[in-house]
Every structure is written in structure tokens, then in C-alpha cells.
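Asks: Can you read through this structure? Questions will come right after.
The values are calculated or read from the model by the stated rules, or taken from the named source; none is laboratory data. All values reported here derive from a predicted model rather than from experimental measurement. Cβ sites come from the backbone with ideal geometry, for glycine too, and all protein chains shown count toward neighbours.
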Amino acid sequence: MAPRHVVFELAESADVTRLSDYERAGGYESLRKALAMEPAQVIEELLASGLRGRGGAGFPMGRKASFLPKPDQTPKPIYLAVNADESEPGTFKDREIMLRVPHQVIEGILISSYAIQARAAFVYIRGEYLTEYEVLRTALEEALDRGLVGANILGSGYSVTIVLHRGAGAYICGEETGLLESLEGKRGQPRTKPPFPAIAGLYAAPTLINNVETLATVPRILALGGENYAKLGVENSSGTRVFSLSGNVARPGNYELELGMSLRDLIVGIGGGVPGGRQLKAVIPGGSSTPVLTADELDTRLDFDSMARAGTMLGSGAVIVIDDRCCMVQLALRVAQFYRHESCGKCTPCREGTRWMVEIIRRIEQGAAGQGELDLLLNVCDRILGRCLCPLGDAAAMPVASYVAKFRSEFQRHIDEGGCPFRGTSSLEGVLAPVDEHHARARARIEVPA
Amino acid sequence: MSAPPEQVTITIDDRSVSVPKGTGLVESALQAGIEIPVFCYEPRLGPPLGACRMCLVEIEGLPKLQAACTLSAQDGMVVRTSATSAQAADGQEGVLEFILLNHPLDCPDCDKGGECPLQDLTLRYGPGTSRMVVQKRTFDKPIPISPLIALDRERCILCYRCTRFSEQVAEDGQLVALNRGASSIIATFEDEPYRAHFSGNVIDLCPVGALTSTVYRFRARPWEIQNVPTVCAMCPVGCNVWATTREGKVARVLARNHPEVDGGWLCDKGRFAHDHLRAADRLTEPIRRIRMRGLVAVPWEEALDAADEGLRAAGASVCVAFSGGETVEQADALSRLVRQGLGADVALLPDDPDPALDAFRAPLAAIRSANVCLVVGDEPVLERAPIVDLWLRAARRGGAEVVTVGPAGAIAAPPGSAAAICAALAASSPPEELRELARDLREADRVALVWSGDDDTGGRHLAGLAAALELGEGSGAYFLPRTPNGRGVAQAWRAAGDGRGIDPSGDEALGALIVSGDEALRDTRVVALADRARFVLTTAMFMNEAAGQSHVILPGTGYLERDGTVVNLEGRSQRLRRTVEPPGWDELAFFAQLARRFGVDVDPWTRAGVDELAALPARSGTAPVVAAPAARGPQRAAGAGGDFELVRYRALFSGAAVERVPQLAFQRPAAEVELPGGDASRLHIATGERVVLRSGEVSRELAARVNRRLAPGVARVAEEHADGLADSVRIEKA
């Protein structure tokens, strides 16, 4: 059975990056449909669809939209913020969505803006996504020329401005309140909640924040009808998701699947399994911040509830396959280094804890750690978990603690044997986290030929 | 008044406490006698940050520990702190362990050691041992971020109190955080020195020894010092302070929160100028001018005799010049000596505020909750009464409309036009440019009016406006005097006599002139009077100020050496406490003795000045005083060609005391003239370029600074750089 596509459906048989092609494929019909409805009806459709946020937390989008005050209930303008700051390691779905169906993203923004009666929508796009930014900008210009964006859209009387804003390379700006701070021109650091963005978000005004994939799904929901969309997938996890499959797998890439298929279906059935006759060792199911699953847990289903039961999360839908060549301590080091580098420095447990984690894991990997340090590492993780201002600290502590929990003997061998048992053969050997690689390069000497 | 807020009841560590709805958890716990430890939480800095996580508590029904500082009391809430929750205790210990990971344990030679929140909280909530075996983070240290403040980035625990102060309270935007994560550091913007009027507050705010005072650094240990509660008498605000002494010397001055006056902030003049007490030219014994020998140090009794003799020879032809820094008791003694003992009746008062405004008194803190604030006058509020500027900023952040009308105001008005502005705003049909403001003032529930200019009649004009607006409860009108206790001195002078007088403005010889204080010595009118006087009796702290024309010089005292009463701009009487011993007799002792020789009984012991002042007579119509420098009348700025109307202001960082503190030199006003944007571009003058100001024969060369807020045709210069220039100047490129 061919997988059912929703997000990429219109792009399946044609290039729909141009406005005319997108319209020929049925694009912007959902916008027309929405504009003919009451805003509250649009939110009803979203509620009926059961669509949950595709950024990582999985909060039902319709409910989030319903938290915002109506225009007559607030003296402030209402805003939509689009999270296109896709930065979770292993995740590369939003970039493909922006590249292949840019108009669908814009259409989704317009419909959602209409639903909450936003005055402006701000797209916060990851700084490194230059091509994606240019594609989106071209699409936006086309839409502007056609009167689909701006004043009095399609004669409906509704007006909204869309602003594209490029980030400058900080993972934390993908956290919703960090994103808002950065949009306001401040240092990208998360805010304490409450107040929630739905009440006081961008410029202290009510703000809805949604991920690119979530918004790109919205026009399709209006086309299908919320209840029909809800029939896709499984209970509590309706619809489809675009999974980013990467790592030691034969056919990596983005795959849109109905929710509820198993990891085995994705990795073995679609991805072709681990190549070269090697064994699958572990799977990171939802981006680098999610707890790891072992080869024994390959039948876990790709939906919110199944993942939660397995002690992990669907996260951003980034499935990273790890084969038996990988040293889990080196993996922990790389992951911890990433989060240490990306910790914003605002709250204590994350700022200090992530640095300490890296130091301990490095000592374990080098064989310099004492017997107590594995438990110390777990305790440090415990003291980060649930105690930070935003989820970044958890994002560092959860996966590392899971590596220790599920591969404890491998960590223990590093300590007992005074070094890495892979003896230099690990697939991550010498592969440093980007930040440390950067420092290593900076130290390199430039040889000048005589 | 609105109805009292709804009460809610919460349970903290099994204790039930009832608080008004909306009260923060930290404050609620305090009411129940329970401490929730904090580092970053400081309500005066704005909304809670929730960064340090020291305040983690368990809240029934919530799975994770919560930062108590970010929550407010909700009815029925059950809170457990480290005292009754193992989870909360682990959370707090964990946070302290994280903080201490990279904190150098150099407490023995840290200035904060002994009065350090990190030490205290570690003792109460922290781990007993360290589990960290790897290298601590290191930085270059200490880094001077200004001549006044040293930054130790290793000690910094990144609570962001200092940057929040800079950004959200003083709004100078100079302190920033750089880098990310464990590499985050505090720095000044672009590494420029932190030059701002309130910079020293970040030292008070720092919960560790990361920001220390270069003036106090390594000068004392907390267990060797005494903190004396007193009041700053450096400007008319009268901030409450702690004066720290060690071995009989003032080592530092700290803010002491008076919520109605200063909100716990203190400007750098109040904080750092105290070292003037130890200036090289500080007078410690009486000096007498003796024919053929010049100025000679003499015993106190001899000085007393000489003063007695000089004044007796003058008869009633005596004038006294006050500096406005005297205590009420000193001014009273001197006034009674002059008016009752000598029968003279002329004083030079630096300030003579109009009591008409007393009907509209309100605490300074009322400014913060005003809906509309109006500032009139030619002088910058920040330079004249700096804390008032902070209250105005707080008001604006809170949503108030803050409008300045003047030469540098949002609504431009020519110099000297403040009285006309008040009258126009009070009129039934104000001119076009003031109409919206007048409407807002009338419609507002709470209004704050501020007069910031050199015109003693300001109070009357402001009172006229206040009456027209029918200001009621919650509103206030404030006149900012020039000098710290100008208001109290004027009151003391008026209370001491009945109003006969001679005209000091003539040019006939004067029998004697009494100059009280260094600041009075700088008044050009005093210098002119001294030329006419046969005998000049001076009290002064500094030899270089007093030497010129005096016949007898008495060593003066600084405010930290005095007991007595000062009256601030609100009209609030506050008590000065002697922090350190003066070098000799204080003025009060001397003038009490002198007065007794003229048959006036003055109590040399400080009396309860407050009671004295309460019974002050109203001002009579024929005031026998020479008031502050004449206010300039409304003038229409010229602007044409290179002609400018010159506005001069008295910089906060000026005067005899500031000049004697080398660390404050960088805070003094630069030798520059501010020019309006339009005029500057017309004359092709850019910021930093040298320009010459001319009036008559006098010329001054200064650097230009373009200030787009200045009204066209107005140029502004700090008083000390405008010496000799007239009110109208011609400006051209040098």
C-alpha cells in the first residue's frame, strides 16, 4: 500500500513551487473556503482534525488557537509566529516542506491568521536556511502580487501582513518564547511562563506560535474536512507526519507516513534497514533530545501515545538509526556537547549542568573517570530534569540518561578498562561536535610552503 | 480608594497564611515566617526572571518543582519548601551545587565575603562537599568596567540583576550579557566604560563579589565595619543610605531602601563622593588672616574672638550667604545669630521655594503610579535630582504618559518659559501645541508635576496649574531645589526673624559677610559681596575654596559628620546621623558659642528640628532675602545664523566634593556644547567637532554634540564649561 500523503500530496506529481502551478493543483482553494467561514468555524475544523503540533511538544493546534483572546477582548493586535527555526539534530522536514510546498506554508499561515484574526504573521526562519528563505520569499512575493497576502485578501475584508525574519544561528530560538525574544530584537533567551504567549507573546500581544509542518497541514485539513483528516492515523495521533530518517540506514530521507506505523515499518520497510549486514543497535526516535530505543523496541509505533509508553517521545519526527559500530559514550558526548553549546545561559541547571555533563562524559570516554562518576552523571541529569526554565536542559539530560540506562555496561566498560572498548573503531571516533570541530580547526597550523 | 484586594489562603510548609491575591510566593512565605531563598529575584528590577532556580519549591498537584519567584499565591495552594520537601531540598541543593561548580572559592579575599548571599545560602541549603573534579571556568580578572566598578567574571553567577538594572531601571542599556551557555559573560556595550548616573547600584544588587567598588575594594572586612543609617545630603532628594565606617573613616555608602523616597536606589554622587572628607586640602583647624603674615592657623578660641570682633565692628551691616547644604539646626543657629544677635536681616539663600506648593505634596513614589507626568523647566531632572528621573522612568514603563516641555523636551519650548507653560496649561483654552497635553492632564486620575529649573517662583506657577487641574489624592507636584537642604535652610531663616532688612544689591560697603559652606563660595554674587565686605567669616571644608577673600575661616563639616535635620524636595524632614567625627568643632558648636556672645541662646545640642519646622510662619510679603539667581524671563530663541540661546545646567557630578574624588572624574560633564540637530546640520557641525562659543569679549572652545531633542536655536552647556558666557551666544566652527 502506498503511503497516504497529505502535506506533500499536491507536490507528488508536479512541481508546485510556482503560484500558478500550485493553484492549478488546487492550492489556495482552502484559503477561499476559510475566508468564507467565520474564524471560529475554522478553529472548529482544526479542533475536529485533532491536529497536534509538529514542532516537538505535540500540543493540539486547535486548542492552542482557541486560547487566544478574540480581537474584541484585547486592546492589542494579535500575531501569528511561525517557527521555521528547525534546529533539532536529525530533523530536516521543515526545510523540504518549505522547498517543495512554499505556497502551502503561506496558505496555512493565512488560514491560521484568519482563524485567530491576526494582524501580522512573522516567519522566524533558521539563519542557515538560505535557499529555503529565498524560495519562501519568492513565493511570498508572488502571493503579494496576486493579492493573497496584505490588505483585503481576496476581497474578504481581512488583512494580514507576513514578515520573513531570518535567525542568526541559535537552537534556543526554536523554543517558542526564545523565538519571540529574538523576533523583538533581544537576546534569544526563553521567558518564564506564565504569562503564556497566547496572552502576552510577541510585543506583549496575544500570539499563536506554530511549526511549519503544522501550518502546512492546515490547508489540507480544510480541503479534506477536519473529521476526515482525523480518520487518518490512530487515536490521539491523527493524520500524517513527515519523518526525517537518517543515520545508519540504507535509504535516508524525509518520508510522510500516517501516524501509527511502527519504527520497523519506517526503518526496515521504507528505509531499507541497516546496510552492510551490520546490526541495528539503537534508534533515536524523535530528534536528538528524545530518549533512545534499543533494537528490541523496534516494533514501537510512531504515534504520540505509543512513544510515551515506551518512555520516549515522537518529538520532531527525526528518526536516527544507530548501528553496532557506534560507541554510545561517544554518542552521549556529541549530544551533550551540542546542548552545552546551545544552552542560552539564562538558567543555572542548564547552563552549568550541560557543561558538567560534557566534562564527565569526556572523562568516561577517555577512561579517566572513577567508579562513582557514572552515578554522578545520572544524578547531574536528575538535577537538570524538570528544574530548568525551558525544555533545553531536559533535552540534554533525557537522552544522555537514557543512553546510560539502556547501555550501562558499555559505559561501565569505559571506566573498568580505562578507555573506549571500541579502540578507535567506533563510527563516531574523531567526529567532534561542530563547535569543538570549529575550535580544533582554529588551532590547526597553516603550513606555508617554502 | 479602590476596594481592598481579595484575600487568599495558602499553605506553606504546613503553615497557613492569608495574603492579598496576587502576592508573590516568596513574599507570602515571608509572611508565614518561611524563607524561600533567591538570587535573581528582585521585584524592583521588573517582572521575575526565573533564571537562577534557587527558589525551587514543590507545589501540590504539579509534577515538577516550580520557581516560586515566578508564581503568585492562589487560593488553596499547598507549597513545600526545602524544610518539608526532600524534592525541593534536592532542587535547591542542586542549584547551589551548579552555581558553585565554577565559582572560585576565594571568599577569604573577596569583598563580599561575610555579607554574601551565596555564602549564606550555601550554608543553609547547599552541599557540604564538592563532587566536581574537572577544571573551573576561568576568565581574566578583575576587569574594570569603569573607574568605579571592577568585574570578576569567575565569581559571576549570571543572575542578570545588573543587566536588568541597566536595561529596565536606569534604562542606560550599557551593561549587557555576551556569549551563550556556560561561556556567558557580563560586559559593557562595546567595552565602553560604564558611565551612567546610577552605575553603582549594580554593586549593591550583585549577590556575589562579581561587581565590586574600586573605592571600597580591599578596604574592610564586614566584621570590622559599622553601618550607620543616615541620609545622603548631596542633592535635594535625600536618599536614605547606610554609611559604612571602619576605624573612624567612611569606607563606603550604600543604598538603604526608603520606598517612598528612593526605592532603594542611589546615584553615583551619593555613593562615591564620600572620599572628599579626606581631600588633601581639607581644613582641620581655624585659619585667620593676619596682616603681613597671611593665613595662619589659630586655636578655636582665637577664631571665636576674631569672629566676635569682626562682627561687632560691622554692626547691623551684615549679610549671610548660605550654601543650602547646612542642616536645619545649623541654619537656625546662624540665622538667629545674624537676625537676633546682630540685628541684621539679609541673607543670600540658594533656594527659596514657594510654600504654595505645600498643598500638593506627595511622596516621590507617587510619581510611579501617576497616569500623566509633566516636567517643565530648563534643567535636566537627572542632573538636579537624579532619583526623580528614575521615578519618571518607572512611571513611563508602567504606562504613564511622561511629557517634558522645555528646551530639550518632547514639546519644545524656549528657555525660561516654564511659568508661561504652566499658565497656558491651566488656561481654559491652551495653545494648539499644548492642547492634547492639557486634555490628558485634566482627564488623568493621578498626575505628577515636576518643576526643574532655577526659578524660586516655580512652586507658585506649578501650584497654580495643580489647582486648576484640581489635583487630588495620588497626585503630586514637586519643585526641585538647587541644593540639598535649600528648603530647610530657607525655612530656618524665615523662622528666625521678623523681616527688617537692608538692600544687598547696592554697592555701598558691607560691614561683614558670613559665608556658610564651600558651595556658597562658588556663587558669583557671594564673590561680589565679599569684595564689598570689610570682614568675611567663612566656614568651608576645603582650603582652596576658602582662601581667597576670607578673614576668618572655620573648618566646615561634611554631611556625614553632622547630626541634624535636612528637608528634602518633598518637604520631608529626615535625620542626619553623625557617621564619623569631624576634624574639629562643628559649625553648630561654633555658632552657638558665637551667638551667646551676642546674647542669643542657641542650644549647641542638636534639637528635634522636626518640631521646630512644624510651626513655621507663613512667608511674609516683604521677604528680606536675596533669593536664588534671578530666573531668566521667557525668551524666544534666535536660531538665525550662528546665534543661540544658551541654556546652562548644573551637572550632578560637579561641585567641591565631586572634584575631590578622582574616581568620579570620568563622570563629570565633558567639555562640550549640545546643539540641536537642525541647526547643527545647517552650520555643518557634527558631533565631536570643535566649536567656539562667543558672547561679547568672552569665548569658549568646546566639542560639539548633536542632541536632536533640543529645541531649535538652543545650545546647552554644563555650568562649569559656560563660565563668563552670556545667555545669548554665537557659535561657529573652531
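Asks: Of all residues in the stretch A:382-407, which are within 12 Å of A:ALA336 (Cα to Cα) and within 11 Å of chain B (Cβ to nearest Cβ)?
Replies: Within the stretch A:382-407, A:LEU392, A:GLY393, A:ASP394, A:ALA396 meet the criteria.
Asks: Could you please find all residues in the stretch B:179-218 being touching an Asp or Glu at 6+ places or on another chain (Cβ under 9 Å) and of a type in the set (D, E, K, R)?
Replies: Hits for the stretch B:179-218 are B:ARG180, B:ARG195, B:ARG217.
Asks: Looking at the structure I just gave you, is B:SER166 within 18 Å of the chain's Cα centre (by Cα), surrounded by 18 or more Cβ atoms within 10 Å (Cβ to Cβ), within 14 Å of chain A (Cβ to nearest Cβ) and modelled with pLDDT of 95 or more? Full working, then the answer.
Replies: On the way: within 18 Å of the chain's Cα centre (by Cα): yes; surrounded by 18 or more Cβ atoms within 10 Å (Cβ to Cβ): yes; within 14 Å of chain A (Cβ to nearest Cβ): yes; modelled with pLDDT of 95 or more: yes.
Considered against the rule, which asks whether it is within 18 Å of the chain's Cα centre (by Cα), surrounded by 18 or more Cβ atoms within 10 Å (Cβ to Cβ), within 14 Å of chain A (Cβ to nearest Cβ) and modelled with pLDDT of 95 or more, B:SER166 comes out as yes.
Asks: Still on this structure, I have one more. Mind checking which residues of the stretch B:308-319 are touching a Phe, Trp or Tyr at 6+ places or on another chain (Cβ under 8 Å) and crowded, with 24+ Cβ neighbours inside 10 Å?
Replies: B:LEU311 - this is the single residue of the stretch B:308-319 that is touching a Phe, Trp or Tyr at 6+ places or on another chain (Cβ under 8 Å) and crowded, with 24+ Cβ neighbours inside 10 Å.
Asks: Right, another one. Do any helices (runs of 4 or more DSSP H) lying entirely in the stretch A:1-85 carry at least 3 residues that are more than 30 Å from A:GLY188 (Cα to Cα), and which ones are they? Spell out how you get there, then give the answer.
Replies: Working: elements: A:19-24, A:29-35, A:39-49, A:61-66.
It comes to A:19-24, A:29-35, A:39-49.
Asks: For the stretch A:182-194: of the residues being touching a strand residue (DSSP E or B) at 6+ places or on another chain (Cβ under 8 Å) and either closer than 16 Å to B:TYR160 by Cα or crowded, with 24+ Cβ neighbours inside 10 Å (or both), which is nearest to the other protein chains (Cβ to nearest Cβ)? Even if it seems obvious, please write down each step before you answer.
Replies: Taking the stretch A:182-194 first, the residues touching a strand residue (DSSP E or B) at 6+ places or on another chain (Cβ under 8 Å) are A:182-183, A:187, A:192.
Filter again for either closer than 16 Å to B:TYR160 by Cα or crowded, with 24+ Cβ neighbours inside 10 Å (or both), leaving A:187, A:192.
Details: A:ARG187: 6, A:THR192: 4 Å.
Out of the qualifying residues, it is A:THR192.
Asks: Let me ask something additional. Check the stretch A:152-164 and report whether any residue there is touching an Asp or Glu at 6+ places or on another chain (Cβ under 7 Å) and not basic (Lys, Arg).
Replies: Quick first cut of the stretch A:152-164, residues touching an Asp or Glu at 6+ places or on another chain (Cβ under 7 Å) only: none.
No, every residue in the stretch A:152-164 fails to be touching an Asp or Glu at 6+ places or on another chain (Cβ under 7 Å) and not basic (Lys, Arg).
Asks: Let me ask you something else. Before we move on, is A:VAL319 buried (at least 22 other Cβ atoms within 10 Å of the Cβ), at pLDDT 95 or above and touching a Phe, Trp or Tyr at 6+ places or on another chain (Cβ under 6 Å)? Steps first, please.
Replies: Details: buried (at least 22 other Cβ atoms within 10 Å of the Cβ): yes; at pLDDT 95 or above: yes; touching a Phe, Trp or Tyr at 6+ places or on another chain (Cβ under 6 Å): yes.
Yes; evaluated as a whole, the condition is true for this residue.
Asks: Continuing with the same structure: Would you check if there is a residue in the stretch B:558-577 being within 23 Å of B:ARG288 (Cα to Cα), without any contact (Cβ under 8 Å) to a residue 60 or more places away in the chain and out of contact with any Gly (no Cβ under 8 Å at 6 or more places or on another chain)?
Replies: no
Asks: Could you check the stretch A:182-197 and list, in sequence order, the residues that are in a loop (DSSP other than H, G, I, E, B) and among the hydroxyl-bearing types (Ser, Thr, Tyr)?
Replies: A:THR192
Asks: In this structure, is B:PHE198 away from chain A (no Cβ under 14 Å), part of a loop (DSSP other than H, G, I, E, B) and aromatic (Phe, Trp, Tyr)?
Replies: On the way: away from chain A (no Cβ under 14 Å): yes; part of a loop (DSSP other than H, G, I, E, B): yes; aromatic (Phe, Trp, Tyr): yes.
Criteria met by B:PHE198.
Asks: Another question about this same structure. Just the residues that are in contact (Cβ under 8 Å) with a residue 60 or more places away in the chain and not small (Gly, Ala, Ser), please, taken from the stretch B:160-202.
Replies: B:TYR160, B:ARG161, B:ARG164, B:PHE165, B:GLN168, B:VAL169, B:GLU171, B:PRO193, B:ARG195, B:HIS197, B:PHE198, B:ASN201 - these are the residues of the stretch B:160-202 that are in contact (Cβ under 8 Å) with a residue 60 or more places away in the chain and not small (Gly, Ala, Ser).
Asks: Of all the strands (runs of 3 or more DSSP E) wholly in the stretch A:207-282, which have at least 1 residues that are surrounded by fewer than 20 Cβ atoms within 10 Å (Cβ to Cβ)? Quick ask: steps written out before the conclusion?
Replies: Numbers: elements: A:207-211, A:240-247, A:253-258.
Per the criteria, A:240-247, A:253-258.
Asks: For the stretch A:323-353, enumerate the residues that are more than 7 Å from every other protein chain (Cβ to nearest Cβ) and under 16 Å from B:GLY50 (Cα atoms).
Replies: A:CYS350 - this is the single residue of the stretch A:323-353 that is more than 7 Å from every other protein chain (Cβ to nearest Cβ) and under 16 Å from B:GLY50 (Cα atoms).
Asks: Please determine whether any residue of the stretch B:245-267 is of a type outside the set (Lys, Arg), assigned to a loop (DSSP other than H, G, I, E, B) and farther than 29 Å from B:TYR194 by Cα. Before the answer, list the steps.
Replies: To start, the set of residues in the stretch B:245-267 that are of a type outside the set (Lys, Arg) comprises B:245, B:247-248, B:250-251, B:253-255, B:257-267.
Add one more test, that the residue is assigned to a loop (DSSP other than H, G, I, E, B), and what stays is B:247-248, B:257-267.
Now restrict to residues that are farther than 29 Å from B:TYR194 by Cα: B:247-248.
Within the stretch B:245-267, one or more residues are of a type outside the set (Lys, Arg), assigned to a loop (DSSP other than H, G, I, E, B) and farther than 29 Å from B:TYR194 by Cα.
Asks: Let me ask something else about it. In the stretch A:2-42, how many residues are more than 30 Å from A:LEU266 (Cα to Cα) and surrounded by fewer than 21 Cβ atoms within 10 Å (Cβ to Cβ)? Quick ask: steps written out before the conclusion?
Replies: Residues of the stretch A:2-42 more than 30 Å from A:LEU266 (Cα to Cα): A:18-21, A:23-24, A:28-42.
Subset that is surrounded by fewer than 21 Cβ atoms within 10 Å (Cβ to Cβ): A:18, A:20-21, A:23-24, A:29, A:32-33, A:35-41.
The qualifying residues number 15.
Asks: Restricting the first residue to the stretch B:374-396 and requiring it to be in contact (Cβ under 8 Å) with a residue 24 or more places away in the chain, which pairs with a second residue that is small (Gly, Ala, Ser) and part of a helix (DSSP H, G or I) meet a Cβ separation below 6 Å and a spacing of at least six or different chains?
Replies: B:VAL376/B:ALA418; B:GLY377/B:ALA418
Asks: If you check B:GLY315 against the conditions, is it under 27 Å from B:LEU348 (Cα atoms) and either in contact with a Lys or Arg (Cβ under 8 Å, 6 or more places away or on another chain) or not assigned by TED's automatic domain parsing to the domain that holds B:GLY571 (or both)? Step through it out loud before you land on a result.
Replies: Working: under 27 Å from B:LEU348 (Cα atoms): yes; either in contact with a Lys or Arg (Cβ under 8 Å, 6 or more places away or on another chain) or not assigned by TED's automatic domain parsing to the domain that holds B:GLY571 (or both): no.
No; evaluated as a whole, the condition is false for this residue.
Asks: For B:GLY61, work out the one condition from (1) within 14 Å of another protein chain (Cβ to nearest Cβ); (2) over 42 Å from the mean Cα position of the chain (by Cα); (3) small (Gly, Ala, Ser) it doesn't fulfil.
Replies: (1)
Asks: Also: Output the residues belonging to the stretch B:309-342 that are among the acidic types (Asp, Glu) and under 18 Å from B:ASP603 (Cα atoms).
Replies: Going residue by residue through the stretch B:309-342, those that are among the acidic types (Asp, Glu) are B:309, B:326, B:329, B:332.
Listed by number, the residues that qualify are B:GLU326, B:GLU329, B:ASP332.
Asks: Could you say which residue among A:LEU140, A:LEU164, A:LEU179, A:LEU144 is part of a helix (DSSP H, G or I), aliphatic (A, V, I, L, M), surrounded by fewer than 17 Cβ atoms within 10 Å (Cβ to Cβ) and assigned by TED's automatic domain parsing to the domain that holds A:ALA84?
Replies: Working: A:LEU140 fails: surrounded by fewer than 17 Cβ atoms within 10 Å (Cβ to Cβ); A:LEU164 fails: part of a helix (DSSP H, G or I); A:LEU179 fails: surrounded by fewer than 17 Cβ atoms within 10 Å (Cβ to Cβ).
Within the list A:LEU140, A:LEU164, A:LEU179, A:LEU144, the selection yields A:LEU144.
Asks: Report the residue count in the stretch B:268-303 for those that are closer than 26 Å to B:GLN667 by Cα and part of a helix (DSSP H, G or I).
Replies: Pass one, the stretch B:268-303, residues closer than 26 Å to B:GLN667 by Cα: B:268-283.
Keeping just the survivors that are part of a helix (DSSP H, G or I) gives B:268-278.
Selection size over the stretch B:268-303: 11.
For (1) in contact with a helix residue (DSSP H, G or I) (Cβ under 7 Å, 6 or more places away or on another chain); (2) facing chain A (nearest Cβ under 9 Å); (3) outside any helix (DSSP H, G or I), each residue gets a yes or a no:
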{"position": "B:VAL26", "(1), (2), (3)": "yes, no, no"}
{"position": "B:PHE39", "(1), (2), (3)": "yes, yes, yes"}
{"position": "B:PRO48", "(1), (2), (3)": "yes, yes, yes"}
{"position": "B:THR84", "(1), (2), (3)": "no, no, yes"}
{"position": "B:GLN87", "(1), (2), (3)": "no, no, no"}
{"position": "B:GLU93", "(1), (2), (3)": "yes, yes, no"}
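Asks: Please find, within the stretch B:1-36, the residue that is nearest to the chain's Cα centre (by Cα) out of those that are on the phi > 0 side of the Ramachandran plot and either among the small types (Gly, Ala, Ser) or surrounded by 13 or more Cβ atoms within 10 Å (Cβ to Cβ) (or both).
Replies: Per the criteria, the residue is B:GLY22.
Asks: So which strands (runs of 3 or more DSSP E) are wholly in the stretch B:417-530 and hold at least 3 residues that are of a type in the set (Asp, Glu) and buried (at least 17 other Cβ atoms within 10 Å of the Cβ)?
Replies: On the way: elements: B:447-451, B:476-479, B:510-516.
By residue number, no strands (runs of 3 or more DSSP E) qualify.
Asks: Residues of the stretch B:133-152 being within 14 Å of chain A (Cβ to nearest Cβ) and either of a type in the set (Val, Ile, Thr) or within 17 Å of B:CYS107 (Cβ to Cβ) (or both), which ones?
Replies: Listed by number, the residues that qualify are B:VAL133, B:VAL134, B:LYS136, B:THR138.
Asks: OK, next. Does B:CYS116 fit the bill of being modelled with pLDDT of 95 or more, within 19 Å of A:CYS347 (Cβ to Cβ) and not basic (Lys, Arg)? Walk me through it before giving the result.
Replies: Values: modelled with pLDDT of 95 or more: yes; within 19 Å of A:CYS347 (Cβ to Cβ): no; not basic (Lys, Arg): yes.
The answer is no for B:CYS116.
Asks: Would you pick out the residues in the stretch B:53-71 that are in contact with a helix residue (DSSP H, G or I) (Cβ under 7 Å, 6 or more places away or on another chain) and either over 16 Å from B:LEU30 (Cα atoms) or assigned to a strand (DSSP E or B) (or both)? Even if it seems obvious, please write down each step before you answer.
Replies: Of all residues in the stretch B:53-71, those in contact with a helix residue (DSSP H, G or I) (Cβ under 7 Å, 6 or more places away or on another chain) come to B:53-58, B:65, B:68-69, B:71.
Result: B:ARG53, B:LEU56, B:VAL57, B:GLU58, B:LEU65.
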